[in-house]
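Visitor: Once you've had a glance at the structure underneath, I'll fire off some questions.
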Amino acid sequence: VADCGVQLQGTLPLDPPLEALVGLRVPFLLFASKRPSAPQTGPFSAGPFLEKRVLNDFAGLESVDETTKRALLDFAYFLTVKDLDSAHRAVKLIKNPRVWENMAYMCVKTRRLDVAEVCLGNMGFARGAAAVRMARNEPEPEARIATVALQLGLLGDADELLRECGRWDLLNKLYQASGCWEKALEVAGTKDRIHLKTTHHALAKHLEEVGDLGRAVSHFELADTHRTEVPRMLFARGKVGDLEEYVARNEDASLTRWWAGYLESKGDLPKASAFYERAGDHLALVRLACFNREIPRAKQMVDESGSLAAAYFLARFLEGMNEISDAINYYASAKCYNHAIRLAKQFGLDQDLMAYALLATQTLCAECAAYFEQKGELEKAVQLYHRGGDVPRALDLCFRAGSAQAEGYVAGQRGSKEPPMFEILRTIASELDEHASPQVVARCAEFFIEHGHFDKAVRLYITGKRYMPAIDLCVAHKVKITEEMADGLTPPKEPGSSGKLKGLFAEKPQTNQAESSQTEEEAKDQRGESKSGGGQKEDRTEVLCALARACKKQGSFPLACKKFTQAGEREKAMKCLLKSGDTKAVCSYANVSRNRNIYILGANYLQAMDWQSDPMVMKNIVLFYTKAKAFEQLSAFFDAYAQMEIDEYRDYEKALTALKKALEYMGKARTPSKEEMASALQRRVVLVETFVQAREAAKTDPPALVRLCHGLLEERDVDLAIRVGDAYALLVEHYYGAQQWDAAYKLLEDMRARQIVLNPYLELDTIAEIHQRAGAGPAPEQLAQQRSQGGGGVGAGGGGGGGGANSSSSSNNPRASP
């Protein structure tokens, strides 16, 4: 083709005995062949032979005239180059139906549905054209072409096309329509299982029509339609005996029940009962037993089977026989409580009425409650109103009856258990939830308050989310707030809201003023309300603060800490935690809070602990003061630490280190008296450092020791930095070692003159020896010990001396640690 290049118009297989294409003469192709298609005689019988094959486009049109031949050639050409308009114009004048049919065959081969419609129309094949138009709804093009092939009788082409597009449902229908049932079942069993039962049913109908009833029954069973189709088929042919045999052989309960019903309709009741029993139809068995007036047998069957339908039928039958008690029981067994209640009310069987009303619907409960209310049986009425969902009415009756019962119990039965209505009211109150009416919750709470059940009233207020009245009630009547109650009294966070709790605190609980030790003003102070704003709505923070104060008053300090924390009052929370005495919790809370004041509170608390013997406590004190940047307090702590080292351990080296740290942190402080305090610390550092140098010179440079110690003793404020007795003791020990007894004795007299107790600083033997060597007579301390030993008070003098030393240290050193 000049414009489109080489195009494939069609193919023809070169099968033996054909050897090669020799020529073309429309409508034939000429091939060389080794043997002829028919026997030959004459000189050319040995070959070669020439064989003709018809072109695909001219199959069946070998003898058409030249005009038709030219039109067909043009049609094939234009189809090949995909010029459909020219192809249609080329053949539109052809009137031969055979030509159009052949062209329709070609359209199946070429899968041209549009052209196939034209061909079928020109053939006058109305049914085929309609089928093709309907096939346009199929989504697959192969399925649409398969419809054309099916209308033209090309079953093989239709089979191939449907397999190609995977339309196994259409292929199944094709096999059924063509009578290929084995293939249809194969396709349905492997590819089209959704239509497997449908295929079995269609095959069974076909077998029924051809008279093969045995196979038809089998396929009806495979199609699961045997319960209706097999009886119909056998009845239509008058084979009732075969049907009975089939039912007896089959284990299908539905079919057995149907056959039993048929036998019952024929009046064969014994055989019908046998089949009903085999099918497990207890209702039918009870019905037959009642029909035969076999009531005991009917009751036995109902009791053994537990069938609700059978129980209902028997109850109706017994009601008709006026056996009311049994009828009520079987109505209840059938769960038809409305009929049981109807009969119980009609015949005044109140005990049965109450039992079955509790099992019935809410509407029936309310009706029975009204019945008991009219009869004055209020306890039953309250229970049924509650069960029926009419809680306000139940509470109204409960309050009326409960007040009357409470008055009776107060009058003559104070020592007995509480009135029954209280138990019922407690049950109702325990089932109230956050969705309950606020009026209902408030009324229950008021009732409990009036009768002194404050813990129950608190729980009701919690249920109704009335937090402030509940807290006030706990405070006024000393109701212990547990962890669970505290969680219930904590208002939930409302994202996107201003935090106001709407209408929950307008009312206040009624309190017994005789028992309460609080005035209204004290209650307001605890809630944090102003005198002018007592009636306004409290927000979540106010509720949490009031709850925390209540817990604090009850001694639940950890719980109070938790609630203050939730309210954002971390300092108050820390103070509660300090009162609990839980050091570990205090440290953890301070670390988590990251607040300056809380750090200071924690450090101050730890200073009151035994930080001298616990390095971790001391470390936390320094850490907290450092994080809080409380350098003045930190300086004071190191000052106290230095004094402790001096007073308790005489470790002046550690004391000097601590004083230097105190001076360092005082330099970072921002207090107005910073310079004065730093100067005082610097003076103490100099004095302690001088004494440390004197102690170090005791072995290496005794003259320096004497000079430094005498210099310290001459200082006016030396007792603010060191213990003066330690300086005297150091000099006495030096003179004692140098055997300068007069100098040592003079120092002892100076110590006594300054009212310094000698025992804490010097050994008694040393004092006695100095007195002896100096010729001064017995030492007063030695005489005091002898008097104490002579009086039987061993150890009293030592205790007194120790006390005197401590008193001296404390009086001379105002910065001593607690």
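Visitor: Write down the Å³ per residue value for the convex hull defined by the alpha carbon atoms of region 147-245.
Guide: It comes to 97 Å³ per residue, whole-number rounded.
Visitor: Give, rounded to the nearest 20 debye, the magnitude of the charge dipole that region 200-299 has about its Cα centre when Lys and Arg contribute +1 at Cβ and Asp and Glu contribute -1 at Cβ.
Guide: In debye, rounded to 20, region 200-299 gives about 440.
Visitor: Quick check on packing: order 15-22, 383-390, 138-145 by the mean number of other C-beta atoms within 10 Å, highest mean leading.
Guide: With the highest mean Cβ count within 10 Å placed first, the list reads 383-390, 138-145, 15-22.
Visitor: Using the C-alpha gyration tensor of region 436-484, what are the square roots of 5 times its eigenvalues, in whole angstrom, with the largest one first?
Guide: That gives 16, 13, 8 Å for the three semi-axes.
Visitor: Next up: Take the Cα atoms of region 244-373, build their convex hull, and give its volume per residue in Å³. If you can, show how the numbers build up before the last one.
Guide: Values: hull volume 14.4 nm³, N = 130.
Taking only Cα atoms, region 244-373 has a hull volume of 111 Å³ per residue.
Visitor: What is the distance in Å between the Cα centroid of region 223-237 and that of region 725-746?
Guide: Going from one Cα centre to the other spans 135 Å.
Visitor: Rg(Cα) of region 529-669 divided by 2.2 N^0.38 Å?
Guide: 1.30
Visitor: Moving to a separate point now. Which semi-axes, in whole Å and largest first, does the equivalent ellipsoid of region 646-719 have when worked out from the alpha carbon gyration tensor as the square roots of 5 times its eigenvalues?
Guide: Values for region 646-719, descending: 27, 14, 9 Å.
Visitor: Still on this structure, I have one more. In Å and whole numbers, how far do the C-alpha atoms of region 615-751 stretch along each principal axis, longest first?
Guide: The Cα atoms of region 615-751 stretch 56, 32, 25 Å along their principal axes.
Visitor: Now, a different point. Averaging over every viewing direction, what projected area does the convex hull of the Cα atoms of region 175-334 cover, in nm²?
Guide: For the Cα atoms of region 175-334, the hull's average projected area reads 11.9 nm².
Visitor: What list of whole percents do you get for P(r) of region 350-405, with Cα-Cα distances grouped in 5 Å bins up to the one holding the largest distance?
Guide: Result, from short to long distances: 5, 25, 35, 22, 11, 4, 0 percent.
Visitor: Please quote Rg/Rh for region 300-385 to two decimal places, taking the Kirkwood radius as Rh and restricting both calculations to Cα atoms.
Guide: Ratio of gyration radius to Kirkwood radius for region 300-385: 1.02.
Visitor: I would also like to ask the following. Based on Cα positions only, what radius of gyration and what Dmax would you give for region 116-166, in angstroms?
Guide: Final numbers for Rg and Dmax: 10.4, 31 Å.
Visitor: Something else about it: Can you tell me the convex hull volume per residue for region 723-764, based on C-alpha atoms, in Å³ to the nearest whole number?
Guide: So the per-residue Cα hull volume is 58 Å³.
Every number here is computed from the coordinates shown, using simple stated rules; none is lab data. These figures come from a predicted structure and were not determined experimentally. Methodologically, a virtual Cβ is constructed for each residue, glycine included, from the backbone with ideal geometry; neighbour enumeration extends over all protein chains shown.
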